[in-house]
1. Can we say residue 136 is in a strand (DSSP E or B) and surrounded by 13 or more Cβ atoms within 10 Å (Cβ to Cβ)?
2. Evaluate the range 146-160: report whether one residue or more is in the same structural domain as residue 79 (by TED's automatic domain parsing), under 33 Å from the mean Cα position of the chain (by Cα) and not in a loop (DSSP other than H, G, I, E, B).
3. Scan 111, 183, 130, 126 and give me the residue that is assigned by TED's automatic domain parsing to the domain that holds residue 67 and within 30 Å of the chain's Cα centre (by Cα).
4. Taking residue 26 as the residue in question, decide whether it is modelled with pLDDT of 80 or more, of a type outside the set (Asp, Glu) and out of contact with any Lys or Arg (no Cβ under 7 Å at 6 or more places or on another chain).
Amino acid sequence: MYRFLLTPRWWGINVFVVLAIPFCIFMGSWQLGRFEDRVQDHETTTTEQDSTGRGAARPLAEMLPVDKATVGEQTTVSGRYDDQLLVPERKLDDREGYYVLTLLRTDDGEALPVVRGWLPGAPDPAKAPAPPTGEVTVTGALQAAESPGSNGVSGRSGWPEGQTGAISAATLLNLVPYDVHDAWVTLNEGDSGMRAVPVTAPQGTGLDLKAFQNLGYTAEWFAFVGFVVFMWFRLLRREAELARDAELGLAPEGEEHAGQEDAGQEDAGQEDERESRPTPSGV
C-alpha cells in the first residue's frame, strides 16, 4: 500500500522534508542564541555600570577604539578646551534640554568631545557656561560615537550654526578644523553648575525591539518545523487512503464518473472510425 513512496513525486517530497526540518531547527536555534546574547549583553552592561562605572580611571590612549569592554569605563585625559557646540533635543528626567559639548584639544593632535553638562530649555549659547581656560584634566565615562536616528539621537540635518545633532567624528568633521576622536566623554560632575549627563548603554546591548524580533523569529522557525511535519503526514495519509481504495476497487465518485465518460468517448471514437472505413467493393 505504501509503494507510492518510491515514486519520483514522493522522492522529491521526502528530500524536501529531510532538508527543511534541520534547516529550520538550525535557524531557530541561531535566532534564539542571538536573543540570549542580547540578554547577556544587557545584564553585563547593567552590572558593569552599577559596580565598576566609577572604578579607577585609565588614560584615554589605553581605551581606544571604544568597544563593549571599554564603553562606560572611566578615563582621564589632559588638554585645552577649544570650540564649543550645543546638542539639542536631549531629555533628562523627561525634561527637554541640550548638551553643552566642548572639544578638548589633546597632545596627540586629535580633539576629544567632552559633554560638560546638560541645561534645560531651548539651545541658547548665551546660557552655556564658557569652558575653563588653560591646561585641564578631565575625568569621565567613555562613550561610543552616536548614530543619527538611533538610540534617542535625532535624525535631523541642517542644524543652526554652533549646533550638532549627534556626537561623532563624522558629524563633527565639517564643524571644526581639526581631527576628532570617534568617541566622547561625559563628565562625572556637571561643569559650572550644569547637570551631569548619565552614562548611556552601548547600542545593541539592551532589550530593544531587535531582541524581541529575534525571539519572534525563533518561534516562527520552530513553528514551521511543526507545519512541515504536519503537512507530510497529511499527504501520506491521503495517499495511503487512495491506494487502499484502489486496491479495494473503490474510487471517488468524481473519478469514477470521469472514467465512465472517458470510456464512452473511447467507444464512440472507435465506432466513428469503423463507420469511416471504406467498404470493400463487391460486398
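1. yes
2. No, the range 146-160 contains no residue that is in the same structural domain as residue 79 (by TED's automatic domain parsing), under 33 Å from the mean Cα position of the chain (by Cα) and not in a loop (DSSP other than H, G, I, E, B).
3. None of the others qualify; the one that does is 183.
4. Spelling it out, residue 26 is indeed modelled with pLDDT of 80 or more, of a type outside the set (Asp, Glu) and out of contact with any Lys or Arg (no Cβ under 7 Å at 6 or more places or on another chain).
The values are calculated or read from the model by the stated rules, or taken from the named source; none is laboratory data. Just so we're clear, the structure is a prediction, and the values are computed from it rather than from any experiment. Don't worry about glycine lacking a Cβ; one is built from the backbone with ideal geometry, like all the others, and counts go over all protein chains shown.
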